[in-house]
1. Count of lysine pairs in the range 26-165 with Cα atoms under 20 Å apart, counting only pairs 8 or more residues apart in sequence or on different chains?
2. Work through the residues other than Ala54 whose Cβ is under 11 Å from its Cβ and net out their charges, Lys, Arg +1 and Asp, Glu -1.
3. Hey, what does the equivalent ellipsoid look like for the range 43-164, semi-axes from the Cα gyration tensor as sqrt of 5 times each eigenvalue, largest first, whole Å?
4. Subtracting the Cα-Cα distance from 0.36 nm times the residue separation, let me have the gained length for Leu85 to Leu52 in nm, one decimal.
5. Using Cα pairs under 8 angstrom and six or more residues apart, how large is the relative contact order of the range 43-164, in percent?
6. What order do you get for Arg136, Arg129 when you list them from fewest to most C-beta neighbours inside 10 Å?
7. Taking R0 as 35 Å, what FRET efficiency do you get between Asp108 and Ala38 from their Cβ-Cβ distance, rounded to the nearest 0.05?
8. Using the basic label-point model (7 angstrom from Cα toward the beta carbon), what is the Tyr122 to Gln164 distance in nanometres?
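Laboratory data are not the source of any read-out in this text; all were calculated from the coordinates shown. Predicted, not measured: the structure shown is a model, and the values here were computed from it. Heads up, the Cβs are rebuilt from the backbone with ideal geometry, glycines too, and the neighbour counts pull from every protein chain shown.
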Amino acid sequence: MQRSFLLPPGKALRRLLMLALACSASVAMAHGDMVPQAVDTSTLPQLGSKWLDANPYSKGSPAHDEALRIGTSAYNQNCARCHGLEAISGGIAPDLRKFDEECGSLTDAAKKTACYKEMDDYFIGTVRRGRTRNGRVYMPPFEGILTQEAIWSIRTYLELRRDQQ
């Protein structure tokens with residue numbers, strides 16, 4: 001006697017609906033509250049308590065490779081939930097690969113430098129203080145949670161992702 005593995009139409013539909021419900025619940029829960037993860041920056045040069053105006057770990061810095069290693073991990077632990085894996089946004093938050101893309105198209109070197117400086121200021125201010133509009137928190141503040149070294153390491157990772165697109 002041959003046994004059939006097909007379910008009656010009513011049971012198959014019920015199981016399919018339960019599976020769809022379980023999958024959609026996990027997606028909805030993925031954008032809930034997050035607890036910031038600690039970032040070990042002990043292998044980087046310590047920057048002190050005064051916040052710097054520009055990324056000290058950008059290309060050309062002796063600490064660039066280590067900052068990139070740390071920033072990649074720190075981004076995945078603290079930012080990817082909203083901004084997407086590899087900084088490719090799924091639409092819930094800005095695509096950080098494109099954060100300063102207009103600067104790259106400038107041909108005047110002084111204007112390009114000024115543009116990147118302005119974007120560094122905006123980045124560090126946003127990460128430190130967060131973003132709120134009409135009483136709604138769009139990005140939580142990370143000052144006091146992530147160190148200056150951790151935040152600039154994340155910026156180093158984002159610079160790499162920008163260059164790779």
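1. So the count works out to 8.
2. Result for the neighbourhood of Ala54: -2.
3. Here the semi-axes work out to 20, 18, 15 Å.
4. Values: separation 33, 0.36 × 33 = 11.88 nm, distance 2.71 nm.
My answer for the length gained is 9.2 nm.
5. Computed value for the range 43-164: 37 percent relative contact order.
6. Arg136, Arg129
7. Working: r = 41 Å, r/R0 = 1.18.
For Asp108 and Ala38, the calculated efficiency is 0.25.
8. Those two pseudo-labels are separated by 2.3 nm.
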